[in-house]
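The structure appears below as structure tokens.
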Amino acid sequence: MTGIGIPIVRCKNTRNYGYLVVLGVMSLANAEVHLRHFGFTVTDADFGTTMMLNLIILMIVLMGGRVIPFFTQSALSEAATQIRKPIEFGAVGLSIALIFGEVLNLPPELLVILAGLVMIFHALRLIGWHDSRIWETPLLWVLHLGYDLLVVGYGLTAQAKFGGILPFLATHVFTTGGIGMVTLGMMARVSLGHSGRPLQPPLLTILAFVLLNVSSLLRVAAPVFFPSAYGTLILLSGSVWILAFAFFLWNYFPILAAPRIDGRPG
């Protein structure tokens with residue numbers, strides 16, 4: 001955090017101060033896990049890990065609002081991308097409110113409403129960013145789909161608070177799907193752009209994007225539709241997820257280990 005924070009503060013990049021706050025709270029969540037392990041705290045067993053998951057999702061919410069519409073506009077001429085401030089403030093503000101609501105252990109009825117509102121605002125956010133041509137560009141649709149899965153995750157969270165489904169279904173949509181897709185998509189795009197290469201991922205990386213979607217579907221569908229094959233499908237989901245990132249490593253290690261092809265520093 002210090003390595004990131006000092007340059008941001010020195011150059012007075014106030015736009016990124018919010019990320020430092022999130023990283024600081026992440027450090028506290030990480031510390032809580034270790035303190036609880038040694039018996040120094042009396043929080044719920046999964047308090048720190050749940051908080052960390054929520055903060056990672058929040059980081060994607062903050063980052064996604066800046067890069068996904070920007071990447072869409074950059075890649076598609078005359079893209080009909082809309083950034084509506086009320087929707088942006090609502091999506092971010094309600095996401096933060098939901099985190100506080102869970103920390104304060106608000107009544108389930110309030111959390112259902114809050115999670116439902118978060119889902120709606122993020123869905124509206126995505127609608128504003130959408131352009132039908134994203135499906136022609138893998139480096140765009142992987143990010144949009146990843147954010148789509150966050151919307152699904154918030155919807156499942158609302159259902160879980162209502163008692164309609166098991167909470168871990170939302171967790172798996174957030175992790176295997178949303179976080180996995182956005183992370184892989186960002187790494188794939190940034191690695192090409194910052195190495196001076198065209199923004200055209202290798203075919204094996206596009207396959208990795210597809211595999212992550214398959215992994216997420218298997219992970220969520222297994223306990224709901226195929227409980228008798230739960231163990232097998234979970235193993236298959238994990239294997240497919242690992243394979244997707246192995247494909248990324250195979251394609252991108254030579255890129256990341258070599259100098260920029262345009263001769264510029266970096």
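Remark: Val61, Val182, Val190 ranked as Val190, Val61, Val182, counting other beta-carbon atoms within 10 Å and listing the fewest first. Annotation: extensible slack from Leu207 through Asn16 equals 65.4 nm (criterion: 0.36 nm per residue apart, minus Cα-Cα distance).
Restricting the trypsin sites (Lys or Arg not before Pro) of the stretch 20-126 to loop positions (DSSP other than H, G, I, E, B) with no more than 16 neighbouring Cβ atoms within 10 Å leaves Arg84. Look at Ile206, Ile60 and count the other Cβ atoms within 10 Å of each Cβ; fewest to most, that gives Ile206, Ile60. If the segment from Lys85 to Val103 were pulled out straight at 0.36 nm per residue, it would be longer than the present Cα-Cα gap by 3.8 nm. Membrane-span-like helices of the chain, defined as complete DSSP H segments with a Cα extent of 18 Å or more along the helix axis and a mean Kyte hydropathy of at least 0.5, are identified as 17-37, 47-75, 85-103, 108-129, 138-162, 180-193, 203-225, 230-256. Adding -39500 (n - 2.57) for every DSSP H run of four residues or longer, then dividing by how many residues the chain holds, sets the calculated 222 nm ellipticity at -25000 deg cm²/dmol. Of Ser191, Ser132, the sequence from fewest to most neighbouring Cβ atoms within 10 angstrom is Ser132, Ser191. State the label only: which of (1) 20.6, 64; (2) 19.4, 58; (3) 18.4, 58 corresponds to Rg and Dmax of the Cα atoms in Å computed from the shown model? The value computed from this structure is option (2). When the chymotrypsin sites (Phe, Trp or Tyr not before Pro) in the stretch 10-57 are filtered for DSSP coil states and for at most 13 other beta-carbon atoms within 10 Å of their beta-carbon, the remaining sites are Phe38, Phe40.
Considering only alpha-carbon pairs that sit under 8 angstrom and 6 or more positions apart, the relative contact order computed for the chain is 13 percent.
Might you report the magnitude of the Cβ-based charge dipole of the chain about its Cα centre, with Lys and Arg at +1 and Asp and Glu at -1, to the nearest 20 debye? It works out to roughly 700 debye.
Every read-out reported here was derived from the displayed coordinates using simple, explicitly stated rules and does not represent laboratory data. As the structure is a prediction and not an experimental result, all values here were calculated from the model. Every residue, glycine as well, gets a Cβ built from its backbone with ideal geometry; the counts of neighbours run over all protein chains shown.
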